[in-house]
1. What number goes with the only condition from (1) among the hydrophobic types (A, V, I, L, M, F, W, C); (2) closer than 20 Å to Asp31 by Cα; (3) loosely packed, with under 15 Cβ neighbours inside 10 Å that Val99 does not pass?
2. For Leu61, only one of the following conditions fails: (1) on the phi < 0 side of the Ramachandran plot; (2) over 12 Å from the mean Cα position of the chain (by Cα); (3) not charged (D, E, K, R). What is its number?
3. Hey, does the stretch 93-114 have a residue that's in contact (Cβ under 8 Å) with a residue 60 or more places away in the chain and among the small types (Gly, Ala, Ser)?
4. Would you pick out the residues in the stretch 75-117 that are under 16 Å from the mean Cα position of the chain (by Cα) and at pLDDT below 95?
5. What do you reckon, is Gln98 closer than 13 Å to Tyr8 by Cβ and not basic (Lys, Arg)?
Amino acid sequence: MIKVSVLYPNAPGSHFDLEYYCNSHMPMVRDKLGAACKGIAVDAGVAGEGGGAPFAAVCHLFFDTVEAFQAAFGPHEGPIMADIPNYTDVAPQVQISQVIINATRSNTGELHLHRAD
């Protein structure tokens with residue numbers, strides 16, 4: 001499994017509309033990427049080393065492979081990227097990672113590790 005992380009720097013004087021991002025942009029992205037996208041998560045920056053959060057927000061998109069991401073994103077890149085000025089004035093940074101460990105808690109509170117081997 002791979003994770004596409006889209007990071008929005010929290011630059012001085014920058015703007016990021018988290019409400020628009022979560023309620024308009026991300027549903028549009030989810031719909032356009034379709035079944036190839038196995039999951040999404042959005043993080044709002046709270047704090048970082050030395051004080052303020054280095055990123056206003058971070059989005060994570062999960063896919064089986066890099067090729068699956070490219071095939072799903074490619075045809076919709078234009079409309080997805082054109083929506084960016086509606087919620088921020090900073091350029092996003094993108095990182096594609098291989099998910100090595102993913103963990104969830106059961107109803108009993110036990111932590112279950114899911115390793116990609």
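The values are calculated or read from the model by the stated rules, or taken from the named source; none is laboratory data. Treat the numbers as computed from the prediction; the structure is a model and nothing was measured. In this analysis, Cβ positions are derived from the backbone assuming ideal geometry, glycine residues included, and neighbour counts consider all displayed protein chains.
1. That leaves (2) as the condition not met.
2. All conditions are met except number (2).
3. Within the stretch 93-114, the first condition is being in contact (Cβ under 8 Å) with a residue 60 or more places away in the chain, and the residues that meet it are 93-99, 102.
Now narrow it down to the ones that are among the small types (Gly, Ala, Ser): 97.
Checking the stretch 93-114: at least one residue is in contact (Cβ under 8 Å) with a residue 60 or more places away in the chain and among the small types (Gly, Ala, Ser).
4. Of everything in the stretch 75-117, those that are under 16 Å from the mean Cα position of the chain (by Cα) and at pLDDT below 95 turn out to be Val99, Asn102.
5. Values: closer than 13 Å to Tyr8 by Cβ: no; not basic (Lys, Arg): yes.
No, not satisfied.
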